[in-house]
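Rule-based calculations on the coordinates, nothing more; no lab input. All figures in this text were calculated on a predicted structure; none of them were measured in a lab. When we count neighbours, we look across all protein chains shown, and the Cβ atoms used for this are built from the backbone with ideal geometry, even at glycine.
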Amino acid sequence: MTKTVHVFRPFDSYNLHRTCDFGSFSRANYSTDIYCEGTYKRVVQYESRSNLVSASQSQSTDHNHIEITIECKESTKSSIEHCLTQISRIIGADQDPSGFYSMAESDNFLNPLVNKFHGLHIPQTASVFEGLISAILGQQISTHVARILRSLIVERYGSILSIGNETYHSFPTPQSLELAGIEELHANKFSRRKAEYLCEISALESKGFIDLENLRNLPTEDAVDMLTSLRGVGQWTAHWLLIRSLGYEDGFPSGDLALQKIMGEYFNDGEIMSERAAMEYSKKWRPYRSWVTTYIFAGVRSGFF
DNA sequence: GGCCAGGTTCGCT
DNA sequence: AGCGAACATGGC
C-alpha cells in the first residue's frame with residue numbers, strides 16, 4: 001500500500017465543509033462518499049485498480065489549501081494524475097465563483113444567500129452515469145427516501161473495497177445495474193417504471209449506444225436534447241445533470257417544486273410560480289444559474305427560507 | 001389512514 | 001398544447 005500526498009490550492013473562498021454538506025456526504029447512508037471530521041473520502045477507480053482518495057482543508061493563517069491523499073496498491077504517474085483531476089472536480093475545488101459573487105452583490109435576494117454559504121462550490125458526481133441514475137431515482141420522492149434507495153443499490157450492486165477495518169463502496173457500474181434487471185429492482189422498493197428507466201439507461205451505456213461522459217463536450221442545448229431523449233429524463237433531470245454532473249454554470253431546473261415555491265414566496269406575492277414563470281424570471285441570473293440553484297437549495301436544506 | 005415529497009410518461013381532450 | 005392519473009416508499 002503506497003500513499004502519496006499532494007497539495008492543491010483552490011480559489012481563496014473555497015469551503016470544503018459547506019461543499020460536502022451540500023452533497024449530503026456527511027449523511028450516514030450516502031454510502032459512496034464519506035465526509036467525516038473534516039475529511040472527504042471516496043474510492044476512485046483507475047484501470048481496474050481502486051484508489052482511496054481523501055481531501056481535507058486546513059485553514060492556516062495566510063493560506064487556504066486542500067491536502068489530497070491517495071492510497072493504492074500500486075500507483076503510477078498517470079493514476080495519480082487521474083485521481084487528482086477526479087477529486088478536485090468532485091469537490092468542486094477547480095471552480096471559480098467570482099463571476100457569480102459579483103453578480104450577487106447587487107441582488108437583494110442572492111446577497112444574503114451568498115453571505116450565509118460563502119465558499120460553497122458545486123460538488124460534481126464522480127461520473128455522469130452516477131449522476132443520472134441518482135437523479136432519476138430521486139425524482140418525486142423526498143431526499144430522505146432517495147438516499148435510502150441510493151444506498152440500497154450501492155450496497156447491493158456496487159463493488160467493495162476493504163482497507164483495515166473500513167469498508168468502502170463504489171457506485172454500481174452500468175453493467176451491474178443492467179444485470180440486476182427490472183424485476184429485481186422492482187422487488188427492491190423501486191416502482192416498476194423507475195426500475196425500467198434505470199435498466200434501460202444502464203443497458204444503453206454499457207453497450208455503448210450512448211456515451212454519457214461525452215456530454216461534457218457538447219453545447220448545453222445538445223446535451224439537454226440527448227438527455228431528454230432518454231426515457232425517464234425530462235427537463236428537470238437534464239438541468240440537474242448540467243449542474244451536478246456536467247459542470248455547466250447555467251443550468252436551471254425550473255420544474256422543481258421546491259424552487260417554484262421559494263421563488264413564489266419572494267417574487268410572486270406568495271403564489272407558487274409556474275415552471276414557465278420560474279424559467280422566465282431566472283433569466284436575470286444568466287449565465288450563473290447553476291450557482292443560483294445550488295445556493296437556493298443550500299438555503300432550503302438548512303432552513304434558511 | 002391520507003397526503004405529500006427536489007418528476008416523468010402515457011393517454012386522453 | 002394542456003391536464004390528470006399512475007407510480008412505490010417513508011414521514012408526519
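Can you give the FRET efficiency for A:LEU257 and A:SER159, using 1/(1 + (r/R0)^6), R0 = 30 Å, r = Cβ-Cβ distance, to the nearest 0.05?
Values: r = 35 Å, r/R0 = 1.16.
Rounded to the nearest 0.05, the efficiency is 0.30.
At q = 0.10, 0.11, 0.15 Å⁻¹, what log₁₀ I(q)/I(0) does a Debye calculation on the Cα points of chain A give, no solvent, two decimals?
Computed log10 I(q)/I(0) values: -0.57, -0.69, -1.30.
Grab every C-alpha pair in segment A:1-61, bin the distances at 5 angstrom width from 0 up to the longest one, and report whole percents.
Pair shares across the bins are 4, 15, 24, 24, 18, 13, 3, 0, 0.
Points 7 angstrom from Cα along the Cβ direction at A:SER274 and A:ASN217: gap in nanometres?
Placing both labels 7 Å along Cα→Cβ, they lie 4.0 nm apart.
Hey, what's the Kirkwood Rh for segment A:151-259 if you take every pair of different alpha carbons, in angstrom?
Working: mean 1/r = 0.0648 Å⁻¹.
Taking the inverse mean of 1/r over all distinct Cα pairs, segment A:151-259 comes out at 15.4 Å.
Picking from A:LEU149, A:LEU241, A:LEU132, which is most flexible by a Gaussian network model of chain A using Cα springs under 10 Å?
Of the options given, A:LEU149 has the highest mean-square fluctuation.
Highest GNM mean-square fluctuation, chain A, Cα pairs closer than 10 Å: which of A:THR294, A:THR167, A:THR32?
The residue with the greatest mean-square fluctuation here is A:THR167.
Rounded to a whole number of µm²/s, how large is the Stokes-Einstein D of segment A:219-275 at 10 °C and 1.306 mPa s, given Rh as the Kirkwood radius over C-alpha pairs?
Working: Rh = 12.0 Å.
Estimated via Stokes-Einstein, D reaches 132 µm²/s.
In nm, to one decimal, how far is the modelled label at A:TYR101 from the one at A:HIS65, with both set 7 Å along Cα→Cβ?
The two pseudo-label positions are separated by 2.0 nm.
Taking chain A as a Gaussian network, Cα atoms linked when under 10 Å apart, which of A:ARG42, A:ARG289, A:ARG231 shows the biggest mean-square fluctuation?
A:ARG231
Within segment A:287-304, whose backbone N sits under 12 Å from a point 7 Å along Cα→Cβ of A:PHE267?
Flagged as within label range: A:289, A:292-293.
Measuring from the lowest to the highest alpha carbon on each principal axis, how far does segment A:1-115 reach, largest first, in angstroms?
Principal extents (Cα only, largest first): 52, 32, 27 Å.
Among A:CYS83, A:CYS72, rank each residue by its count of other Cβ atoms within 10 Å, from fewest to most, as a rough exposure measure. Kindly include the intermediate steps, with their values, before the conclusion.
Details: A:CYS83 25, A:CYS72 20.
So the residues, fewest neighbours to most, are A:CYS72, A:CYS83.
Local charge sum around A:ILE148 (other residues, Cβ-Cβ under 13 Å, Lys/Arg +1, Asp/Glu -1)? Before the final figure, lay out the partial values.
Details: positive: A:ARG27, A:ARG147, A:ARG150, A:ARG156, A:LYS189; negative: A:GLU155.
That sum, taken over residues with Cβ under 13 Å, equals +4.
With helices defined as uninterrupted DSSP H runs, which ones in chain A have an alpha carbon span along their own long axis of at least 24 Å and mean Kyte-Doolittle hydropathy of at least 0.5?
Working: long enough: none.
Span-like helices in chain A: none at all.
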